[in-house]
Amino acid sequence: MKFENEIKKRKTFAIISHPDAGKTTLTEKFLLFGGAIQTAGAVKSNKIKKHATSDFMEIERQRGISVATSVMSFEYKGTLINLLDTPGHKDFAEDTYRTLTAVDSVVLVVDGVKGVEEQTRRLMEVCRMRDTPVIVFINKMDRDGKNPFDLIDEIENELKISLHPLSWPINSGKDFKGVYNLYDKSLLLFYPNQKCTDSDSVEIDDLSDPALDRLVGGKDAAQLREDASLIDGVYGHFENPAYLRGQKAPVFFGSAINNFGVKELLDTFIRISPNPQGRDTTESRVEALDDKFSGFIFKIHANLDPKHRDRIAFLRVCSGRFERNKFYHHVRLDKDVRFSNPYSFLARDKDVIDEAYAGDVVGLFDTGNFKIGDTLTEGGDFYFTGIPSFSPEIFKDVVNKDPMKTKQLEKGLNQLTDEGVAQLFTQHNGNRKIIGCVGDLQFEVIQYRLLKEYGASVQFNSLPFYKACWLTAENKAKLDEFTRFKTGNTVVDKDGHVVYLAQSEWFLNTEIANNPDIKFHFSSEIHK
Ligand code: G4P
């Protein structure tokens, strides 16, 4: 356990939310507290307001192809925090799901006015699959929102997670007076349009203290007392181990735009959230405290600037120490590779680093050696598991419009799908290529990039499928028979796994019922 001190200093997490709930605003406030930025407005929103490729490209360009903001590392009260950015647009949800494999916990932002929204549900599903510890931040309390008890119920029921309020609001909207921190026993007072300072926080150990009536008025003080006693009765003492196991999510209320309740959230985050955790592999589990280096690629980012065709592969260090210029084993390619310019993302700039530890994310220049899920080790021959691909939602046929560029098209499709931009399927009975994506915007991006970067011109034709299921069977003959009968619906993915494309839920359920010897999986593990 040579690197214990380094690992104990680190926390790696992501902020997730439905678009517009306040992720960018909260990120910015965190960075301000960490001194990583000096002024509000420095974090560019990665929102794509209009549904247009040009918009996406422009935003990507402005953000320096997102690399600078993909990981934001900063120090706060002696803790080294790696905050991983996730795309705001739902069409890029798959990217977010993969980023979640590289963090040890998440902060989920919920809009206090709108409550649980579609993206929130899906993101939480991924967190639940991995038992990721979650802290919930209910934002926009300065606006007239739902009753907090109703909100808690809604989140618990819809997201299938049990909550534990650690702070409690006093009203919302124009009557919002602040939050009572049930953990620290302090009252944080809210003054609209005013910067919140430390003196707005008043210690109130005992809610029967008459000071509470003076500060928030008799009626609201009485309501808070009633609410707090109800919460105490229902939720009892907060148990950190249940949070760390992903079974209980502490809840905070605040207003990111007003920087209200954000410091309390961050202070609690550094106190309770997990340090870098180990990961399961195809062999035994790797612990963060293991001495030997290991890590995996969870994201690949292409440079959209045609003058620089390089890509950056994002490596999550899982154990040991990563060192510049040292040879590591690239398991899939079975070769040793080293990196002379690995990036870290401390503060505002990307910096070449000499070393990194478990929990850190390192940017590696890549000329096509990496794909998502690749593992680097200091000798071992294993892969990290739990890096799934989910079913795309839109499927389209690739039509090559320029047969002279067939080779370029093939290369482009392979490289873009290695980056995880989309999934590529090939039909059993020939060379028909099918692309599956989560959103329409990705097709526009792929078409644009194939032309700009590979000179290949394609057209996409919609296909009537709604879901992909990965198939396995103990009896291989059964699977072969199924694919023979269902040639129009069966394809193989890039790793050679058989995939069934279903036209509708009815078809899917019928096939599942008719083929008890075949297992239908709704996600595919890159490595099992
Ligand atoms: P996102 O990254 O989750 O998509 O959300 P973002 O932070 O961009 O916030 C979405 C909108 O909500 C922004 O307004 C932002 O100013 C606002 N917002 C964030 N936190 C709060 C809050 O605590 N209270 C209130 N009332 N609003 C909040 P916008 O008009 O879409 O953009 P902008 O022009 O203000 O940047």
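The values are calculated or read from the model by the stated rules, or taken from the named source; none is laboratory data. Keep in mind it's a predicted model, so treat the numbers as computed, not measured. Backbone-built Cβ (ideal geometry, glycine too); neighbour counts: all protein chains shown. Accessible surface areas use protein heavy atoms only, side chains included; no ligands, DNA or RNA. Shrake-Rupley method; radii C 1.70, N 1.55, O 1.52, S 1.80 Å.
At R0 = 35 Å, how high is the FRET efficiency between Lys77 and Asp440 if r is their beta carbon distance? Nearest 0.05 is fine.
0.20
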On full extension of the chain, what length is gained from Asp351 through Arg214, given 0.36 nm per residue of separation minus the C-alpha to C-alpha distance? 44.1 nm
For the range 98-128, list residues with backbone N below 20 Å from a point placed 7 Å from the Cα of Arg245 toward its Cβ? 104-106, 125-128
Only Cα pairs under 8 Å and at least 6 apart count here; give the relative contact order of the range 176-248 as a rounded whole percent. 18
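At 0.36 nm per residue, and after removing the present C-alpha to C-alpha distance, how many nm does the segment from Lys9 to Glu474 gain when stretched out fully?
Details: separation 465, 0.36 × 465 = 167.40 nm, distance 4.61 nm.
Working it through step by step, the gained length comes to 162.8 nm.
Show me the ranking of peptides 394-401, 92-99 by mean Cβ neighbours inside 10 Å, starting with the highest. Mind dumping the intermediate values first?
Working: 394-401: 17.8, 92-99: 23.0.
My ranking of the peptides, most packed first, is 92-99, 394-401.
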Apply the Karplus curve 6.51 cos²θ - 1.76 cosθ + 1.60, θ = phi - 60°, to the phi angles in the range 400-412 and return the couplings in whole Hz, x for Gly and Pro. 7, 8, 9, x, 5, 10, 4, 4, 4, 4, 4, 5, x
Can you pull the Kirkwood radius for the chain, inverse mean 1/r over Cα pairs, to one decimal in Å? 24.7
Per residue, in Å², the accessible surface of the chain once ligands and nucleic acids are set aside, probe 1.4 Å: 43
In the chain the accessible area split gives carbon plus sulfur, as whole percent at 1.4 Å, a share of 47
Taking 0.36 nm per residue of separation and subtracting the Cα-Cα distance, what length does fully extending Lys185 through Asp206 add? 6.8 nm
Give the peptides 104-115, 276-287 in descending order of average Cβ contacts within 10 Å, highest first. 104-115, 276-287
Sticking with the crude label model, points 7 Å out along Cα→Cβ, report the distance from Asp150 to Thr487 in nm, one decimal please. 5.8
When the label point is put 7 Å from the Cα of Asn193 along its Cα-to-beta-carbon vector, which residues of the range 119-156 have a backbone N closer than 16 Å? 142-143
Not counting ligands, DNA or RNA, and with a 1.4 Å probe, what is Glu117's accessible surface area in Å² rounded to the nearest 10? 30
Simple SL model, points at 7 angstrom along Cα→Cβ for Lys519 and Lys411; separation in nm is 3.9
How big is the range 346-460 by the Kirkwood estimate over distinct Cα pairs, in Å? 16.6
Output the peptides 447-458, 169-180, 353-364 sorted from most to least packed, where packing is the average of other Cβ atoms within 10 Å over each peptide's residues. 353-364, 169-180, 447-458
If I take every Cα pair under 8 Å that is 6 or more residues apart in the range 394-527, average their sequence separation and divide by the length, what percent do I get for the relative contact order? 28
What's the local net charge at Val398, with K and R +1, D and E -1, over the other residues with C-beta under 13 Å away? +2
Could you state how much accessible area Met72 has, in square angstrom rounded to the nearest 10, with a 1.4 Å probe and all protein chains kept in place? 20
Starting from the Kirkwood radius over alpha-carbon pairs of the range 68-169, derive D by Stokes-Einstein at 37 °C in a medium of 0.692 mPa s and give it in µm² s⁻¹. 221
The base-10 log of I(q)/I(0) that the Debye equation returns for the range 391-528 at q = 0.17 Å⁻¹, one scatterer per C-alpha, is -0.90
What pairs in Lys29/Lys77; Lys9/Lys29; Lys114/Lys299 have C-alpha atoms more than 25 Å from each other? Lys114/Lys299
Determine one quarter of the surface area of the Cα convex hull of the range 113-194, which equals its mean projected area, and express it in nm² to one decimal. 5.9
So if R0 is 22 Å, what FRET efficiency would Asn325 and Phe382 give, r being the distance between their Cβ atoms, rounded to the nearest 0.05? 0.40
Rounded to the nearest 0.05, what FRET efficiency is calculated for Ser162 and Glu287 with R0 set to 41 Å and r the Cβ-Cβ distance? 0.90
Taking a crude spin-label model, label points 7 Å out from Cα along the C-beta direction, the Asp336 to His237 distance in nm is 5.3
Which distance in Å, rounded to a whole number, links the C-alpha centroids of the range 199-234 and the range 162-194? 10
I need to check one value: relative contact order of the chain, counting alpha carbon pairs closer than 8 Å and at least 6 residues apart, in percent. 14
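For the chain, what is the calculated [θ] at 222 nm in deg cm²/dmol (nearest 500), taking -39500 (n - 2.57) for each run of four or more DSSP H residues and dividing by its residue count?
That calculation yields -8500 deg cm²/dmol at 222 nm.
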Once Rh for the range 279-377 is found with the Kirkwood sum over Cα pairs, what is the Stokes-Einstein diffusion coefficient at 20 °C and 1.002 mPa s, in µm²/s? 156
